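Below you'll find the structure, written out as structure tokens, and then a few comments.
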Amino acid sequence: MNEYILPIAFGVTIGTIARFIMLRTDYRQYPTYLHGKVIHLALGFIAAALGAVAIPAIMEKEFTAVTFLTIAASQFREVRNMERNTLVELDSYELVPRGNTYIEGIAIAFESRNYLVIFVAFVTTLTYIALNWWGAIIVAILSFLFIRRFMSGSTMKEIVDIEQKDVHFDGAGLYVDNIYIMNIGLPDRQKEIAQYGMGFVLTPKNFDVRSTIANLGQRQAILHDVSVSLGVFRDSGTPALVPLIKRDLDDGRIGVFILPQNQDVEKAKKIIGAVPVLENAIRMPSESKVSKKN
Amino acid sequence: MNIEKAILAVITVNKTKVTGGAPIFLCENKDEMEKVAANLEAIIDGISHALSDELYIIVKH
């Protein structure tokens, strides 16, 4: 048996387990089906194998083997395209769509997780060869902790204060607190909205957050997550019954108008608080050179 | 240029208030106007917006 077989097998196993840990099915329900999971586990296995053979290749002075990693990179970029295309296709059939910003965030996560797997397989194989097997186990556990930390970003409750406010009509205008949402003409629709509608106002905790929650993709993500978790009083052919978020131009607060089937206010607050802050929506105006000078 | 929103129908009880391109539905009273607006909203997948008490429009968003 070759001296590298055990370290490589160890690295590949740890890498594949890492991919499995990162592949959770939660309220987003994606990937929810067995075949979707098999695809990602198989790709995770390939990524782990690539990471694991890198060190033995270098030790055997096969430096050109590193070029395989570039093939891996283009392969995993393809994963991102695949996920994006699938989700965009499905999005048009959602009652409350995810929105492109959310989809892009999910697609990026799928790509980057494969790179994390390469990294995990790489360091565990390295320690196995450089030290011994129990050193590699310690490194594997440390990297599991690392990726767990790495994969969860911040959530809405860290950047905004969430308050429930009443939904009311001024003539045909629908308001949440003092934020105008939309014009609803028919009295019947107004009755339905008064019965099922719920309003929340999200107040940004600082100036940077204003631009983040103003992002249309971030707003759509909030509506999608709330509608998935609490149900939505809506059907195709009822465009008037649509959850919406509008902004107060004066102070950057946003008014969230939703039509949940589950009328639990506390639960709704928690769900809004747990919505991920999308990487692509984060803005840091306070980090610009101009504002740093002052 | 793409037109994203369009007024598909105008429903009114006061015909002196409207004229122009979109189909105009004249109604006898407010009740009839609401019924027509509700039906049109369901049929053409638009939203009924009230411009005033005697004038509704159906807009496709």
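The values are calculated or read from the model by the stated rules, or taken from the named source; none is laboratory data. All values reported here derive from a predicted model rather than from experimental measurement. Please note: Cβ atoms are built from the backbone with ideal geometry, for glycine as well, and neighbour counts cover all protein chains shown. Side chains are part of the model used for accessible areas, which takes the heavy atoms of the whole protein and leaves out ligands, DNA and RNA. Shrake-Rupley method; radii C 1.70, N 1.55, O 1.52, S 1.80 Å.
Report the accessible surface area buried between chains B and A, summing both sides, using a 1.4 Å probe on protein heavy atoms only, in Å² rounded to the nearest 100.
Chains B and A together bury roughly 900 Å² of accessible area.
At A:Val88 and A:Thr13, where each label point lies 7 Å from the Cα along Cα→Cβ, what is the point-to-point distance in nanometres?
Label-label distance for A:Val88 and A:Thr13, simple model: 4.2 nm.
Over the stretch A:1-154, what is the relative contact order in whole percent, taking alpha-carbon pairs under 8 Å and six or more residues apart?
Relative contact order comes out at 34 percent.
From the alpha carbon gyration tensor of the stretch A:5-152, can you work out the equivalent ellipsoid semi-axes (sqrt of 5 times each eigenvalue) and give them in Å, largest to smallest?
Semi-axes, largest first: 31, 17, 11 Å.
Expressed as a whole number of Å, what is the distance separating the alpha-carbon centroids of the stretch B:26-61 and the stretch A:176-226?
24 Å
Give me the percent of accessible area attributable to carbon and sulfur for the stretch A:109-166, probe 1.4 angstrom.
Answer for the stretch A:109-166 is 67 percent, counting heavy atoms of protein chains only.
Over the stretch A:157-286, what is the relative contact order in percent, taking alpha-carbon pairs closer than 8 angstrom and at least six residues apart?
Computed value for the stretch A:157-286: 32 percent relative contact order.
Taking 0.36 nm per intervening residue step and subtracting the Cα-Cα distance, what contour gain separates A:Val290 from A:Ile108 on full extension?
62.4 nm
In whole Hz, what ³J(HN,Hα) sequence does the stretch A:212-220 give by Karplus (6.51, -1.76, 1.60; θ = phi - 60°), x for Gly and Pro?
5, 7, 6, 4, 5, x, 4, 5, 5
Hey, can you grab everything whose amide H is under 5 Å from the amide H of A:Asp177? Only 5+ residues off in sequence or another chain; H modelled, so Pro and N-termini drop out.
Long-range HN contacts for A:Asp177: A:Asp166, A:His168.
Would you mind giving the mean number of other chain beta-carbons within 10 Å of the Cβ of each residue in A:177-186, as a whole number?
4
With the dipole of chain A worked out from charges on the C-beta (+1 for Lys and Arg, -1 for Asp and Glu) around the Cα centre, which of A:Gly99, A:Ile147, A:Asn81 lies farthest toward the positive end?
Looking along the dipole axis, the top candidate is A:Ile147.
Hey, got a sec? Which trypsin sites (Lys or Arg not before Pro) in the stretch A:54-153 land in a DSSP loop and have at most 14 other Cβ atoms within 10 Å?
Passing both the DSSP loop test and the Cβ count: A:Lys61.
Considering just Cα atoms, how many Å³ per residue does the convex hull of the protein assembly as shown enclose?
196 Å³
D for the stretch A:109-216, whole µm²/s, Stokes-Einstein with Kirkwood Rh over alpha-carbon pairs at 4 °C and 1.567 mPa s: what number?
Rounded, D is 70 µm²/s.
Which far-off residues, 5 or more places away or on another chain, put their amide H under 5 Å from the one on A:Val275, with H placed in the peptide plane?
A:Met156, A:Lys157
Accessible area of chain B with a 1.4 Å probe: how many percent of it is carbon plus sulfur?
53 percent
Could you go through the stretch A:60-69 in sequence order and give the Karplus-derived ³J(HN,Hα) for each residue, using 6.51 cos²θ - 1.76 cosθ + 1.60 with θ = phi - 60°, rounded to whole Hz, and x for Gly and Pro?
Per residue, the Karplus-derived 3J(HN,Hα) values read 8, 6, 9, 5, 5, 4, 4, 4, 4, 4 Hz.
Hey, got the average number of other protein chain Cβ atoms within 10 angstrom for residues in A:235-242?
Across the residues of A:235-242, the mean count of other-chain Cβ atoms within 10 Å is 4.
For A:Ala73 and A:Asp166 in one chain, what is 0.36 nm times their gap in residues minus the Cα-Cα distance, to one decimal in nm?
28.4 nm
Can you list the residues, at least 5 places off or on another chain, whose amide H is less than 5 Å from the amide H of A:Lys246, using H built in the peptide plane?
Result for A:Lys246 returns A:Gly255, A:Phe257.
In whole Hz, what ³J(HN,Hα) sequence does the stretch A:201-209 give by Karplus (6.51, -1.76, 1.60; θ = phi - 60°), x for Gly and Pro?
10, 9, 9, x, 7, 8, 5, 4, 5
So, for the stretch A:130-237, what is the accessible surface per residue at a probe of 1.4 Å, expressed in square angstrom?
On a per-residue basis, 49 Å².
Suppose each label sits 7 Å from its Cα in the direction of the beta carbon; what would the B:Glu4-B:Ala22 distance come out to in nanometres?
In this crude label model, B:Glu4 to B:Ala22 measures out at 1.8 nm.
Do the sum for chain A: with -39,500 (n - 2.57) for every DSSP H run of n ≥ 4, divided by all residues, what is the mean residue ellipticity at 222 nm, to the nearest 500 deg cm²/dmol?
Rounded to the nearest 500, it is -19000 deg cm²/dmol.
What FRET efficiency would be calculated for the residue pair B:Asn29, A:Ala194, taking the C-beta separation as r and a Förster radius of 30 Å, to the nearest 0.05?
The computed FRET efficiency comes out at 0.80.
Order the peptides B:1-12, A:163-174 from the highest to the lowest mean number of other Cβ atoms within 10 Å of their residues.
Going from most to least packed, we get A:163-174, B:1-12.
If you count, for every residue in B:36-45, the Cβ atoms of partner chains within 10 Å of its Cβ, what is the mean?
3
For chain B, what is the mean residue ellipticity at 222 nm derived from helices alone (per DSSP H run of n ≥ 4: -39500 (n - 2.57); sum divided by total residues; nearest 500 deg cm²/dmol)?
Estimated from H runs of four or more residues: -8000 deg cm²/dmol.
Quote the relative contact order of chain A in percent (integer), defining contacts as alpha-carbon pairs under 8 Å separated by 6+ residues.
The normalised contact order for chain A reaches 19 percent.
Computed FRET efficiency, Cβ-Cβ of A:Phe207 and A:Asn178, R0 22 Å: what is it to the nearest 0.05?
Given R0 = 22 Å and the Cβ-Cβ separation, E is 0.55.
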